[in-house]
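J.: Here's a structure for you.
The values are calculated or read from the model by the stated rules, or taken from the named source; none is laboratory data. Being a predicted model, the structure only gives us computed values, none of them experimental. All Cβ positions, even for glycine, are placed from backbone atoms using ideal geometry, and neighbour counts span all protein chains on display. Remember, those area values only see protein heavy atoms, side chains included, never the ligands or the DNA or RNA. Shrake-Rupley method; radii C 1.70, N 1.55, O 1.52, S 1.80 Å.
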Amino acid sequence: MFRCGTIALVGRPNMGKSTLLNALVGQKISITSRKAQTTRYRIAGVQTREQAQFIFIDTPGFQTRVMNTLNQTLNRTVTSTLHDVDVICFIVEAGYWGTDDVNVLRLLPNDKPVLLVANKLDLFASRFDNSDARDLELFEFMKKMAQPWGAIAEQTKGCEAQTIASPEQTFAEVIPMSGKNKDDIERLLDLIAEYLPEGEARYEPDTLTDRSERFMAAEILREKVFRYTGDELPYSSSVVIDQFKLDGKMRRIAATILVDRDSHKAMIIGQKGERLKKISTEARLDMEALFDSKVFLETWVKVKRGWADDLAELRAQGLE
C-alpha cells in the first residue's frame, strides 16, 4: 500500500514554515530570513519514502495587519491552497497562542485533517530554569489545544467561539517539536503519512521541488538581499530574472532587484557597492551549490515606486 498526498504548511508569519519545509525535504528549497512575509509563492517540496510520497506546500504567513495589494494577494494564495490539499499542518510557536493564530484557525476547512505542529520547542525549553516547570506549561498548552476549536478561540483574549467556522472541530494531532531536531522531523513524517490517501507517486523519487531553476535563482538572490539589509530595508523588495541561459555547463544569469525608493536602492548597493557585491557573491555561491555548476551572475538594482500595490507588476512576477 503506497500513500501519496499534498500537505499545506500554514501559520502566521515567522513560525518557521520554510525552515520546516527544508528539513522535511532534506534540502534547502525555500528561502528563510527573520523578516515577516519572506515566503511569497506557493512552493512544493517533495519527500519520497519507500511507502509514501509527501508533497509539502509552503505558503506565505497569513497577514492581518499591513494590507496592501501584495499582502492581499499572498493571503489569497494561503486560502486557495487550503482547499487543494489532503492534509494541513498548522504551525504555531510551542507554548504560545494568540489572536493572530485564531485568525489563521478561522481559515481552516472542516473536511480535512489538521495537525497542529507546535514548532520551536527548543526556544520554548530555553525559557525555563527547571524541567518540571517546563513540562507543566507544555502539558497545559497541549491540553488547551486538544479542545474543540470554538473553545480554544473563546479562551483567547479578543476572540469568541462564533468567529470559528467549525467550532466543534478538533486537531487530528497536537505535535510539539523542533524543526532542528532530526528525530522530531522523522516523527512528524510518520504521523503525516497516516493521513495521506492511498495512491501512486506523482513525482520521480529524486524530485525535490516543482519549481524551475530560474525561479530558484530569483529566490536565492532575494534571500541574500534580506539577510544583508536586516531591518533597514522594508520587505517590499523583489527580484526579477532578466536572463537565464545555459552556456555549456555554466549558467549565465542577469537579475534586477526591485525596490520602492531611492533610499532603499542605496541601502542595497552600500558604500562603493560593497553590500551589493556581498549579496551577489553569496547568491552566486548558493546557486552553484544548488545547480551543481558554475554561475555567472550580473545584478542591478532598480527603483519602481509602488510596485507592491501594482496588480499588473505582481502578476508579471507570478503573484496571482
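J.: Taking the stated definitions as given, is L191 in a helix (DSSP H, G or I), open to solvent by 30 Å² or more (accessible area, probe 1.4 Å) and modelled with pLDDT under 95?
T.: Against the criterion (in a helix (DSSP H, G or I), open to solvent by 30 Å² or more (accessible area, probe 1.4 Å) and modelled with pLDDT under 95), L191 does not qualify.
J.: Still on this structure, I have one more. Output the residues belonging to the stretch 237-272 that are surrounded by fewer than 12 Cβ atoms within 10 Å (Cβ to Cβ) and more than 23 Å from R214 (Cα to Cα).
T.: D262, S263, Q271, K272
For every residue, the table says whether it meets (1) open to solvent by 30 Å² or more (accessible area, probe 1.4 Å); (2) among the hydroxyl-bearing types (S, T, Y); (3) assigned to a helix (DSSP H, G or I); (4) modelled with pLDDT of 95 or more.
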site	(1), (2), (3), (4)
T281	yes, yes, yes, yes
R284	yes, no, yes, yes
M287	no, no, yes, no
L290	yes, no, yes, no
S293	no, yes, no, no
V301	no, no, no, no
E313	no, no, yes, no
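J.: Counting only residues that are within 18 Å of E223 (Cα to Cα) and in contact (Cβ under 8 Å) with a residue 12 or more places away in the chain, how many does the stretch 234-285 have?
T.: 30
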